[in-house]
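Written below as structure tokens is the structure these notes are about.
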Amino acid sequence: MYALSSMQSVRSYKFPFASYPAVRLALLLTIGILFTFYFSLSLQLLTLLTFTLLTFLFLSEWINRTTYSLLSVRLSILFYTLFLIFASSLYYQIREKSTQKRIENAGVINIFEWDEIEVRGDIISSGKSSTGRPVYEVQIKETIFEKDHNWYNPYKIRLYGSEDAGIDISNGKEIHAVVRIYSFPEQRNPHEFDYGQWLHNRGIAAHGELIEIVNVSETGRIGWESIRTSVQANADQLFDEDHSHMAKALLLGFKDDLTPETRQQFSRSGLSHIMAVSGLHVGFIVAPFWLLIPFMWGSARGRYFGLILLTLLLIGYAGLTGFSPSVLRASLMAWFISYGKLFHKVRNSINLTAVAAIIVLFINPKQLFEIGFQLSFSAVFIILIIMKEAQELIPIRYRYGFTGGLISIVLVSVVVQLGLFPILVYYFGEFSIIGPIANALVVPLLSFTVPVGLIFILVSPVVPDALQAGIIPLQFSLNWIQWVAEFLGSQSFSFISVSENSISIFLIWISAICWIAASRIYAIRWKFLILLLCSVNLYFIEKWIREPSVNSLEITVLDVGQADAIHILTPNGSNILIDAGRWSPMSNSGDQVLLPYFEYAGINQIDAVILSHPHADHIGGMPALLEGIDIGSIYQSDYDYESVLYQTVMNLAEMNNVPVNLLSAGDLIDIDSSLRLFVIGPEPNAPRDHNPNNHSISFKLVYDRTSFLFSGDAEVEQERRMAERYGDFLKSDLYKVGHHASNTSSTELFLRYVDPEITVASLAFRNVFGHPGKNAVNRLHQFSNNQFYTSLNGAIRFESDGNVIRKVSWR
């Protein structure tokens, strides 16, 4: 009898959707935003669909009131669901169109790239870039192109300053300055952060450099930015320089003064969340208020007074921290929960979190694509859904004591770290494994540090002397937090590097969370288990689809500016790099482009590096590569070259036991059995001169019926020798243009024999050499049907199946 009733309860179980109306609405809002983001429907069509669905919804509801039927109810639910999705899509697209229109209206500014213009506007935010350079976002009110030629179209611009400006430039002030407009940034390589899109997402139409500050004045208006700046100045006065940087990051979420090394150590130790200013901080701020709630229950006036006090407290702290998504989410949740406690309303934390998400997305739908929003709300939902099950692992005799509390801190850290694994590896490629220990050592201190530190910062201008004794334990706490982060974050075992950009891993993530949450509900846990297994299979299918097709050859001409770097992925999975980009005293292509690119692509070994010749714009990234990734072999010519950079490369190759093979015309390079690499230059007995370009390693790569020709920086003399010796053998489908499309290369004699269908040149848009040469461009246009330039296109990728070469998108 008991078994029968159990089976009936299992079959009759239904998920209580009615208990989570905000969750349903948040999901539909998210689906609507994502629909518009991934599928481009016109605004007119979206409007038509939305109002059509609204009409059908009203009709179905009217039918329900007159002749109730199961079909009409289901139709009402369907129309309601679709209406909310398309209404969300319409709202998002209207917001996007409005932002795009403002940016397009200000697009005339980018016509003046690299020119200097005068601007007047209000500083709406200030901080520092990742390199420590001052950076400002300014709402421009007036632009002066020439004398008496003023333009009053408003727009936002991001400006970079210098440390030695000597003038107080802070939030809320009005600035009149001369600025140089930079070229608007584009994503140039597959691994790179799309800085231009990030600027547009923030409504910024241009960026540039502060050349001269004409005047800075007070606007006379009091806003949150000026208040926040004032409070940050209080922290600078209260603490010494070392402690003030940490205090502002920990208490106010202002991390601009922290060094990149410190940020990385906090991330790798699993403590970056304590500087995000989130629910943890809001909880410590609101905790004293909750102690007063029982005294406010007695009268309606007391309850309303408490609600107003709480609202002011939360708005004030959110304003001081810049209204970040994590603080908004936590503040909204704290407000709703406190409201429910004051007025004896039902409080469902999952539902309230969804309400907070709806409000944030309604204010700015773009927040859905911000990592701060994703991390904040994901962490809270994971805690609310899984933590109850996780706490069952704590023995009952410890669960409600001090030991249980400490174990709970570790458990929360473990649950959140594992729960956020897909997001962390997708965006950062790293995952902290030391986080639970670090949080156990740090989080208990925050219950004292956060509220006391914030009070000290706020009241320090009033009673500065009275706080001197109390500042000592705060400094000790800040020192301890920083030491834990630096010590644990600097250990090699503190984190693991994971390269994962699969979308289906998020489906695995959602399925796993739902399966764990439903582990005690037999009726649905097996369904989530099936969904989890299907998600895993989908993940492997996606990986298989994303892998280059069987027997395909992939060639990526990377954008390394005025230099060369080409990655070849062979049909059998070998990796070849032709040249390694440029070197300068401030940077090199190895650190800036190549190592991040290989990490993004999940490549941990380069089987062969072919260095065409020893100039700095072809071997510039080699020192970084030799120290940062395994290299099987180096191939180069026997041309002797005296430079510190070249000798450094040779010494590092010897230290790392990387064999260096010398090549000349007539050699074969054996790297992949599916390919044939014929070396056609330089001639073994070619006369020596002072121009390494004419001794470039040149070779023809043949894959089945497709062929590719690479000639380094070969100029007229070497091209003539190759044409005379090899003639029609030079015929190739794709020609990597020699010497950055200089007039001294790609000669008519040479191109007549190569006769390429496709040509691709690697060069910078602005360079001192005047590349590409006009004559070279004309010759390339004459002898090939498709011409590509990294200066115009960014990185360019081609794929061959052995029969046809196709240009493929990496974006």
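The values are calculated or read from the model by the stated rules, or taken from the named source; none is laboratory data. Please read all numbers here as calculations on a predicted model, not as lab measurements. For neighbour counting, all protein chains shown are included, and Cβ atoms are generated from backbone atoms with ideal geometry for every residue, glycine included. Surface areas here come from the heavy atoms of the whole protein model, side chains and all, with no ligands, DNA or RNA. Shrake-Rupley method; radii C 1.70, N 1.55, O 1.52, S 1.80 Å.
The convex hull drawn around the Cα atoms of region 403-493, when projected onto a plane and averaged over every direction, covers 7.7 nm². Compute the angle between helix 43-66 and the longest alpha-carbon principal axis of the chain, please, reported from 0 to 90 degrees and rounded to the nearest 10. Helix 43-66 and the main axis of the chain meet at about 30 degrees.
Amide H contacts for residue 153 (H built 1.01 Å from N in the peptide plane; partners 5 or more residues away or on another chain; cut-off under 5 Å): 143. Angle, helix 522-546 long axis vs. longest principal axis of the chain, Cα atoms, 0 to 90°, nearest 10? That helix lies at roughly 20 degrees to the long axis. With respect to the cross-link table entries 101/248; 156/255; 388/543; 156/543; 101/128; 248/366, which display a Cα-Cα separation exceeding 32 Å? Over 32 Å apart, Cα to Cα: 101/248; 388/543; 156/543.
Note on the chain: helix-only mean residue ellipticity at 222 nm, from DSSP H runs of 4+ residues weighted -39500 (n - 2.57) and normalised by residue number, equals -16000 deg cm²/dmol. Here the Debye sum runs over all C-alpha atoms of the chain as equal scatterers in vacuum, and log10 of I(q)/I(0) at q = 0.09 Å⁻¹ comes out as -1.09.
Which percent of the Cα-Cα distances in region 679-811 go past 24 Å? In whole percent, the long-distance tail amounts to 26. If you roll a 1.4 angstrom probe over the protein chains with everything in place, what fraction of the accessible area of the chain belongs to carbon and sulfur, to the nearest %? Percent of accessible area from carbon and sulfur atoms in the chain: 60. Placing +1 on the Cβ of every Lys and Arg and -1 on the Cβ of every Asp and Glu, with no other charges, gives region 84-167 a dipole of roughly 520 debye about its Cα centre. When the scattering of region 153-225 is computed by the Debye formula from its Cα atoms alone, each counted once and equally, what is log10 I(q)/I(0) at q = 0.12, 0.14, 0.20 Å⁻¹? These q points yield log10 I(q)/I(0) values of -0.43, -0.57, -1.00. Our summary gives region 413-544 a relative contact order of 31 percent, counting only alpha carbon pairs under 8 angstrom and 6 or more residues apart. In the context of the full set of protein chains, the chain has a per residue accessible area of 50 Å² (1.4 Å probe).
Relative to the longest principal axis of the Cα atoms of the chain, the long axis of helix 504-517 makes an angle of roughly 20 degrees. Taking only the C-alpha atoms of region 593-746, Rg followed by Dmax gives 15.6, 43 Å. Taking every alpha-carbon pair in region 622-676 and binning the separations at 5 Å intervals from zero gives 4, 16, 25, 22, 17, 12, 3, 0 percent. Projected over all directions and averaged, the alpha-carbon convex hull of region 645-713 occupies 5.9 nm².
Got the relative contact order for region 713-811 handy, in percent, Cα pairs under 8 Å and 6 or more residues apart?
Taking the mean separation of contacting Cα pairs over the length of region 713-811, I get 24 percent.
Over the chain, what is the relative contact order in whole percent, taking alpha-carbon pairs under 8 Å and six or more residues apart?
Once divided by the residue count of the chain, the mean separation gives 8 percent.
Converting phi to 3J(HN,Hα) with the Karplus coefficients 6.51, -1.76 and 1.60 and the offset θ = phi - 60°, region 193-198 yields 5, 7, 5, x, 5, 4 Hz in sequence order, with x at every glycine or proline. Ranking 689, 728, 704 by solvent-accessible area of protein heavy atoms (1.4 Å probe, all protein chains present), from largest to smallest, gives 728, 704, 689.
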